[in-house]
Amino acid sequence: MKTALITGVTGQDGAYLSAFLLDKGYAVHGMRPYAPLDDTANIRSVMDHDHFTLHTGDLTDSGSLMRCLADIAPDEIYNLGAISHVKESFHAPEAALNVNGGGTLKLLEAIRTLNMTDAVRFYQASSSELFGNAPAPQNEHTPFDPCSPYAASKLYAYAITKNYRNAYGLHAANGILFNHESPLRGEEFVTRKITRGIAAILAGKQDHLTLGNLDAKRDWGHARDYVHGMWLMLQQDTPDDYVLATGQARSVRDFVETACAHAGITLEWRGSGLDETGIDTKTGHTLIRIDEKFYRPHEVTHLCGDAAKARDTLGWTPDIGFKALVTDMMNADMAANGVDLSHRNDDNTDHVYTLYAAE
Ligand code: NAP
Ligand code: F7E
C-alpha cells in the first residue's frame, strides 16, 4: 500500500485529494497546524476511514516536519499547506513568506536531512498567481510577474522545489494551478462568497452582497479535476512542472450573473466604478454593491491558462466546465441555507427572496 503525506489537509484541495487517494488505496496522512477551534469540517467524510490519519504539524516548525516524515515514511508528499488568500497576504506579508516560502524549504530540507530524497516524490502547490499580469494565455514558458506577497512567496517555493530537483535529484513537481473552486472553497474567496451570498439572500438571511473588482478575469475549474492532475504529476517517470487550467477565463461579473441565473434571477448592472450596482430586473431589489475595501493594492486582471503540456504528457483534461462548477456550488449553498427553488412563487414579488425558503 502506498503512503501519502498531505500538508494543508484541512483546506479545500487537501479534502478532495485525501478522498481521491483513499479511493486509490493509499494510506493517507494529513498534516494541519495546531488550531484552537475544530477546523476539520472539510475532511469529515474521510476522518473515520481506516487508512486516514491526522497529524498536528506546522510548516514553520522544522521539528514537527521531521517527526512527521520520520514516523510516516511517505512515498508521496503533497505540499498544499499555505496562507493562500492573496489579499490577506498584503496584510501579513512576512507570514506568507514564512509559511509558503520558508515552509516549503523546511519540508525539502527535512526530506534531504532524513536521507529520503531517493524514496519520496514531492508535489508543490504552485499557482497561476506567479504569472501576475503577464499576458494571457499563460503556460510553462510565460515569464513570471508576481503581484502580491502571496505570489512572491510562492515564486520562492516554486524555485526552491526546482532547485532540489536539479541539485539533489528529488522527484519534485510544481503544479502551476489556475483557480479551482468547489463547495469546499474557503468562504473568503470570491466564488464561494458569491454562491453563499446569493443563497443567503434567497433564504431572506442577507439583504445584498458586497464585492470588489467585478472585471477581474480568472480561469476557474473544479478542485475535483485538479487533485487528479496533482496525482498524475507524481506518477511520471521524470519529474517536471505543469500548468493545470481550463483555458477559459470569465470575469467576476460573469460568475455573479451565472450564479444568479441558476436561481432564476436576471441582473441588470447600473452605474459604474464604486457606484455600480446589480439589480434584480424582476423585483428592482439591489443585490450587488461595490466596496473599495475588497479591491487589492495591485490587481491581477486576466489569468487564463494553456494546459496543453498537461494534456499531452499527463493525459489530463478537466471534466467539469464553468456552468457545472457554478451549479455544484450554488446547489450546495442553497441546500445549506434551506433554499428550495421548487418553492418559488413568481406571483408574489413583495418579499421575493424569502419565497424560496423551505417551510
Ligand atoms: P486552503 O483551503 O486555504 O488550504 C490551505 C491549508 O494550509 C489549510 O488547511 C491551512 O490550515 C493550511 N496551513 C496554513 N498555514 C499552515 C502552516 N503554517 N503549516 C501547515 N499548514 C498550514 O487552500 P486550497 O485552496 O486548498 O489550496 C491548496 C494549495 O494550493 C495552497 O498552497 C494554495 O496556495 C495553492 N493553490 C490554490 C489554488 C486554488 O485555486 N485553490 C490555485 C493555485 C494554488 P488552517 O486552515 O488550519 O490555517
Ligand atoms: O479573487 C476579485 C479579486 O480571492 C479572485 C487563491 O486560491 O487563486 C486564488 O487567488 C478575483 C480577484 O482568488 C472580491 O480582486 C472581487 O481578482 O477568489 P479570489 P485569487 O486572488 O485569484 C489563486 C490561483 C491562488 O493561488 C490563491 O491561493 O476576484 N474579487 N470582489 C474579489 N475577491 C475576493 N476574495 N472577495 C471579493 O469580494
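Any read-out appearing in this document is the output of simple, stated calculations on the displayed coordinates, not a laboratory observation. A quick note: this is a predicted structure, and the numbers were derived from the prediction, not measured. Counting neighbours? That spans all protein chains shown, and the Cβs are built from the backbone with ideal geometry, glycine included.
Can you pick out the pairs among Lys154/Lys217; Lys162/Lys217; Lys106/Lys323; Lys154/Lys309; Lys2/Lys217 whose Cα atoms lie more than 32 Å from each other?
Working: Lys154/Lys217 20 Å; Lys162/Lys217 29 Å; Lys106/Lys323 40 Å; Lys154/Lys309 21 Å; Lys2/Lys217 39 Å.
Exceeds cut-off: Lys106/Lys323; Lys2/Lys217.
For a paramagnetic label modelled at 7 Å from the Cα of Ala335 toward its Cβ, which residues of the range 20-41 fall within the zone defined by backbone nitrogen distances under 18 Å?
What the label zone holds, given the 18 Å backbone N cut-off, is 20, 41.
About its Cα centre, how strong a charge dipole does the range 170-301 have in debye, to the nearest 20, once Lys and Arg get +1 and Asp and Glu get -1 at the Cβ?
Working: 15 positive and 19 negative charges, 84 e Å.
Using only the charged Cβ atoms, the result is roughly 400 debye.
Work out how much length Ser45 to Thr277 would gain on full extension: take 0.36 nm times their residue separation and subtract the Cα-Cα distance, in nm to one decimal. Please report the intermediate quantities before stating the final value.
Details: separation 232, 0.36 × 232 = 83.52 nm, distance 3.93 nm.
Value of the extension gain: 79.6 nm.
Given the peptides 228-238, 177-187, arrange them by the average over their residues of other C-beta atoms within 10 Å, most packed first.
Details: 228-238: 16.9, 177-187: 21.4.
Descending packing order for the listed peptides: 177-187, 228-238.
Please determine, in degrees from 0 to 90 and to the nearest 10, the orientation of helix 252-262 with respect to the longest principal axis defined by the Cα atoms of the chain, where the helix direction is its Cα long axis.
So the helix axis and the longest Cα principal axis differ by about 60 degrees.
Which percent of the Cα-Cα distances in the range 81-154 go past 15 Å?
Working: 1574 of 2701 pairs.
Cα-Cα pairs of the range 81-154 separated by over 15 Å account for 58 percent.
Helix-derived [θ] at 222 nm for the chain: sum -39500 (n - 2.57) over DSSP H runs of at least 4, divide by residue count, nearest 500? Working shown, then result.
Values: 11 runs with 119 residues, N = 359.
Calculated from helices alone, the mean residue ellipticity at 222 nm is -10000 deg cm²/dmol.
Select from Tyr158, Tyr34, Tyr150 the residue whose mean-square fluctuation is largest in a Gaussian network model of the chain (Cα-Cα springs shorter than 10 Å).
Of Tyr158, Tyr34, Tyr150, the Gaussian network model singles out Tyr34 as fluctuating most.
Can you tell me the dipole magnitude for the chain around its Cα centre, using point charges on the Cβ only (Lys, Arg +1; Asp, Glu -1), in Debye to the nearest 20?
Values: 31 positive and 47 negative charges, 107 e Å.
Using only the charged Cβ atoms, the result is roughly 520 debye.
Treating the angle as unsigned and between 0 and 90°, give the value, to the nearest 10°, between the Cα long axis of helix 322-336 and the longest Cα principal axis of the chain.
Relative to the chain, helix 322-336 is tipped by roughly 70 degrees.
Quick one: putting +1 on the C-beta of Lys and Arg, -1 on the C-beta of Asp and Glu, what dipole do you get for the range 38-181 around its Cα centre, in Debye to the nearest 20? Walk me through the numbers before you get to the answer.
Numbers: 9 positive and 17 negative charges, 93 e Å.
So the magnitude is around 440 debye.
Could I have the simple spin-label model distance between Asp118 and Thr238, label points 7 Å from Cα toward Cβ, reported in nm to one decimal?
Inter-label distance under the simple model: 2.1 nm.
On a full-extension model of 0.36 nm per residue, what is the gain between Ala159 and Arg289, subtracting their alpha-carbon distance, rounded to one decimal in nm?
On the way: separation 130, 0.36 × 130 = 46.80 nm, distance 3.99 nm.
That pair, Ala159 and Arg289, stretches by 42.8 nm at full extension.
Give me the distance in nm between label points sitting 7 Å out from Cα along the Cα-to-Cβ direction at Glu109 and Thr56, one decimal.
Those two pseudo-labels are separated by 2.4 nm.
Hey, what angle do you get for helix 190-202 against the long axis of the chain, alpha-carbon based, 0 to 90 degrees rounded to 10?
Taking Cα atoms only, the helix is inclined about 30 degrees.
How large is the convex hull of the C-alpha atoms of the chain per residue, in Å³? Present the calculation step by step, with values, prior to reporting the outcome.
Details: hull volume 49.6 nm³, N = 359.
So the per-residue hull volume is 138 Å³.
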